[in-house]
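Peer 1: My structure is below; once you've seen it, I'll send some questions.
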Amino acid sequence: MQLGFTLDTHGTCVGVLRDELLPLEELANTLEFPYDIFVVFRVLPDSYGRRTFRRFDSGDHTLYLDISLSYEQYQRMSKNEQREALGIHLYSYLAESIAKYTKHAGKSPGRAAETGEMLDAGQ
């Protein structure tokens with residue numbers, strides 16, 4: 001399984017906190033999971049109106065999570081408060097997203113090739 005974190009931010013500690021997640025990326029390489037997961041943290045002004053969203057790409061069997069966080073809220077928080085808020089948000093959204101895409105759990109590209117299954121791009 002591949003797990004990746006990237007960001008689009010400035011003026012907060014989220015960039016440093018993202019670096020604290022790097023050991024999880026390495027650990028994920030040792031795990032068997034039916035699909036890859038990539039997360040983007042966006043700490044942007046509320047005026048941008050950017051919303052959190054997710055999508056599953058059946059072609060490359062990857063779940064993409066685009067998490068929008070309020071720049072105004074994170075700017076007022078200490079690094080520890082940001083760490084806690086980011087962790088809670090990531091965990092809950094990741095759990096919710098994985099639960100939503102359980103139908104893809106048994107259809108990894110390798111397993112589909114071994115069993116002759118065809119992946120439906122519309123799933």
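Peer 1: Between E26 and S92, what is the label-point separation in nm under the 7 Å Cα-to-beta-carbon projection?
Peer 2: A separation of 3.1 nm, rounded to one decimal place.
Peer 1: Also, quick follow-up: Among the trypsin sites (Lys or Arg not before Pro) in segment 48-95, which ones are in a DSSP loop with at most 13 other Cβ atoms within 10 Å of the Cβ? Mind listing them? Mind dumping the intermediate values first?
Peer 2: Numbers: sites: R50, R51, R54, R55, R76, K79, R83; in loops: R50, R51, R76.
Counting only loop positions with at most 13 other Cβ atoms within 10 Å, the trypsin sites (Lys or Arg not before Pro) in segment 48-95 are R51, R76.
Peer 1: Calculate how many DSSP beta bridges within segment 1-96 are antiparallel, expressed in % of all such bridges and rounded to the nearest 5. Walk me through the numbers on the way to the answer.
Peer 2: Working: 5 of 20 bridges.
Roughly 25 percent of the beta bridges in segment 1-96 run antiparallel, per DSSP.
Peer 1: Tell me, what % of the accessible area of segment 1-91 is carbon and sulfur with a 1.4 angstrom probe? Could you put the intermediate results ahead of the total?
Peer 2: Numbers: 2690 of 5250 Å².
Ligands and nucleic acids excluded, carbon and sulfur reach 51 percent.
The values are calculated or read from the model by the stated rules, or taken from the named source; none is laboratory data. Remember, predicted model here, so these are calculated numbers, not experimental data. Neighbour counts run over all protein chains shown; Cβ positions are idealised from the backbone, glycine included. Ligands, DNA and RNA are excluded from the accessible area calculation, which covers all protein heavy atoms including side chains. Shrake-Rupley method; radii C 1.70, N 1.55, O 1.52, S 1.80 Å.
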